[in-house]
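Take a look at the structure set out below.
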Amino acid sequence: MDIFLRPTHVIDSDNKTIIDTVEALTSSCKNNEEKAVKLFYFVRDQIHYSVYMLSTYLEDFIASTVLARKKGYCVQKAVLLAALARAAHIPSRLAFARIKNHKIPKELIAQTGINVFPSHGYTQLFLNNRWVSVTPAFDKGLCRDISVPAVEFDGINNALLPAHDLEGRPYIEYIEKYEPQADLPFEWLRGRLVPIWGEKHAWLEQGDSKGHRMPSGYVF
């Protein structure tokens, strides 16, 4: 279990800002379940989802960098939650899945040629002697904007993206789940991103896109 508590270059749970954030968020918590809930909602809502942050460069995935930028896409937010959890002495690991988004816009299908995404990332936390899967990807405001349920976490049960939107129509379909990892499998991830997006740094400002158009309300 030690490997799931150990800091890494990307999951830098020994970073002072990461540690200070955990202490501020969890000082009143009585157990790991309460800590996990606090950390989950912080990442879900205070680190805003932005597909513009998608990157094929390792430095854009470092947890303390994601925390400082206060935004990220699903994998970056999963990395940050993993780092915060380890700093709170909760074992954590990263998980990935191939998913289909039934609400994907036509312009994105036209741009990428796909509607199945091979590397959606989420976090697994070891609580009550078992691994619990949670995804903090979409903040509550974004969920409201695109009419989908926000993912809620009670510290006990899995909290993954919903199968249906608020009107009961198909939304997210988990097609295949991959073996969880103690650290970010960057080369594996990069190999799935480059064929779709090419080489790309995180776009910190919308103007950085230089004319490229990427919808903001969809999971990758």
>> Of everything in region 181-203, what is more than 11 Å from Ser55 (Cα to Cα), outside any helix (DSSP H, G or I) and of a type in the set (A, V, I, L, M, F, W, C)? Give them in sequence order.
In response: Ala182, Leu184
> Considering Ile3, Ile18, Ile11, which residue is over 10 Å from Ala88 (Cα atoms) and either crowded, with 21+ Cβ neighbours inside 10 Å or modelled with pLDDT under 95 (or both)?
Replying inline: Ile11
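Please tell me if Arg86 is without any contact (Cβ under 8 Å) to a residue 40 or more places away in the chain and either under 16 Å from Ala182 (Cα atoms) or polar (S, T, N, Q) (or both). Let's see the steps before the verdict.
Working: without any contact (Cβ under 8 Å) to a residue 40 or more places away in the chain: no; either under 16 Å from Ala182 (Cα atoms) or polar (S, T, N, Q) (or both): yes.
No.
Residues are listed down the side, and each one gets a yes or a no for (1) crowded, with 21+ Cβ neighbours inside 10 Å; (2) in contact with a Cys (Cβ under 9 Å, 6 or more places away or on another chain):
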| residue | (1), (2) |
| --- | --- |
| Val43 | yes, no |
| Gln46 | no, no |
| Tyr49 | yes, yes |
| Thr56 | no, no |
| Ile62 | yes, no |
| Ala68 | no, no |
| Val75 | yes, no |
| Ala78 | yes, no |
| Ala85 | yes, no |
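Looking only at region 12-39, which residues are in a loop (DSSP other than H, G, I, E, B) and among the polar types (S, T, N, Q)?
Those that are in a loop (DSSP other than H, G, I, E, B) and among the polar types (S, T, N, Q): Ser13, Asn15, Ser27, Ser28, Asn31.
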> Under the condition of being touching a Leu at 6+ places or on another chain (Cβ under 6 Å) and surrounded by 22 or more Cβ atoms within 10 Å (Cβ to Cβ), which residue from region 133-159 is nearest to Arg93 (Cα to Cα)?
Replying inline: Thr135
>> surrounded by fewer than 16 Cβ atoms within 10 Å (Cβ to Cβ) and at pLDDT 95 or above: is that true of Glu187 in this structure?
In response: yes
>> When you check Gly113 against the structure, is it modelled with pLDDT of 90 or more, of a type outside the set (Asp, Glu) and more than 15 Å from Leu94 (Cα to Cα), yes or no?
In response: no
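Quickly run through region 40-59 and pick out the residues that are of a type outside the set (S, T, N, Q), part of a helix (DSSP H, G or I) and closer than 26 Å to Ile146 by Cα. Quick ask: steps written out before the conclusion?
Applying the first criterion (of a type outside the set (S, T, N, Q)) to region 40-59 yields 40-45, 47-49, 51-54, 57-59.
So of that shortlist, the ones also part of a helix (DSSP H, G or I) come out as 40-45, 51-53, 58-59.
Within region 40-59, Phe40, Tyr41, Phe42, Val43, Arg44, Asp45, Val51, Tyr52, Met53 meet the criteria.
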> Pairs, please: C-beta under 9 Å, at least 6 apart or cross-chain, first residue of a type in the set (Asp, Glu) and in region 123-143, second surrounded by fewer than 20 Cβ atoms within 10 Å (Cβ to Cβ) and part of a strand (DSSP E or B)?
Replying inline: Asp139/His48
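The values are calculated or read from the model by the stated rules, or taken from the named source; none is laboratory data. In this text, all values refer to a predicted model and were calculated from it rather than measured experimentally. When we count neighbours, we look across all protein chains shown, and the Cβ atoms used for this are built from the backbone with ideal geometry, even at glycine.
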